[in-house]
Amino acid sequence: MVERTAPPRGTAAQTPAGVPDADVRALLDGVPRQRGPGERAIGGVPQPGPAAGSRRRLRPWRLLPTPTGTPFTFGYAILLCLTSLISAYAQPALVHALLQGSSTDVTHLVRTPELVLVGSALWVAGGLTSPFALAFVLVLTALERRIGGVRTAGVFLLGHVLATLATEVPVGLAVLAGHLPGSSLHRLDYGVSFGVAAGIGALAGLLPLWQRLPLLAGFGWMLLQDLLAYADPMTNWGHLIALGIGIATWPVARRWYAARLGVAGA
């Protein structure tokens, strides 16, 4: 029988190849980390698969905005609650004056474009019971948790501004050509729905395929039904345009998401 002896105290343990354990660990640190079978990657950054992410799905409160986790969505939601209360309980004449002054109709866009583009986004058409009010909270919260508050605000404003211009400029041209009456230059146009539609489009690109397809199909079908009803075609076209704007942000939104994941995992 051969008796094994422990290495002298103060010396590093040796591998069978004669390489110290510390050197082996240093070499292994340089080996690229392999993704497990349940992981996926966005922009080259590994993400946990369903098994690793099950704990996250068990936290439903993350669907709602918080002042520290999603400050942009939280603050914006508080502001929309205040304006919705004003719209519901203030004198009708005052509410009409406020909405008219915030409207992104052609007349206001020509005179004070910056003022009305910001002011029109301070109201929710239909109040807090509108489907877009709930969508605002859920969609922008999810988007802000993935790409940050400033970038979420950028996506929202991009959809709000571009979709507004894409729908109101043709109205002005149609009035000049005599195809629409002059009253079309003063129609009420306000709300957050264009920005929310752009947020839905952007968020879809950051979701796995099994969530992305139902989201786009369901929301797109709802918009097409509204368009076919022909109750407010300019607004309905604006929603579709805003959704397309959000989808167009996928490449940059995915880079933002990957960079944010990289910072969080550093």
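The values are calculated or read from the model by the stated rules, or taken from the named source; none is laboratory data. What you see is a predicted model, and the numbers here were worked out from it, not measured in a lab. Glycine gets a Cβ as well: all are built from the backbone with ideal geometry, and neighbour counts include every protein chain shown. Heavy atoms of the whole protein, side chains included, go into the accessibility calculation; ligands, DNA and RNA do not. Shrake-Rupley method; radii C 1.70, N 1.55, O 1.52, S 1.80 Å.
Structural remarks
- Dipole magnitude of region 152-266 about its Cα centre (Cβ charges: Lys, Arg +1; Asp, Glu -1), debye to nearest 20: 480 debye
- Region 154-260: Cα Rg divided by the 2.2 N^0.38 Å rule of thumb: 1.20
- Set against the 2.2 N^0.38 Å expectation for a compact globular protein, region 107-221 has a Cα radius of gyration ratio of 1.20.
- Sulfur and carbon atoms: percent of accessible area, region 117-180 [1.4 Å]: 77 percent
- These residues, TRP256, TRP123, go from largest to smallest accessible area, 1.4 Å probe, as TRP256, TRP123.
- GLU144, GLU114, ranked by accessible area, largest first (probe 1.4 Å): GLU114, GLU144
- Rolling a 1.4 angstrom probe over the protein heavy atoms with all chains in place gives region 119-185 an accessible area of 43 Å² per residue.
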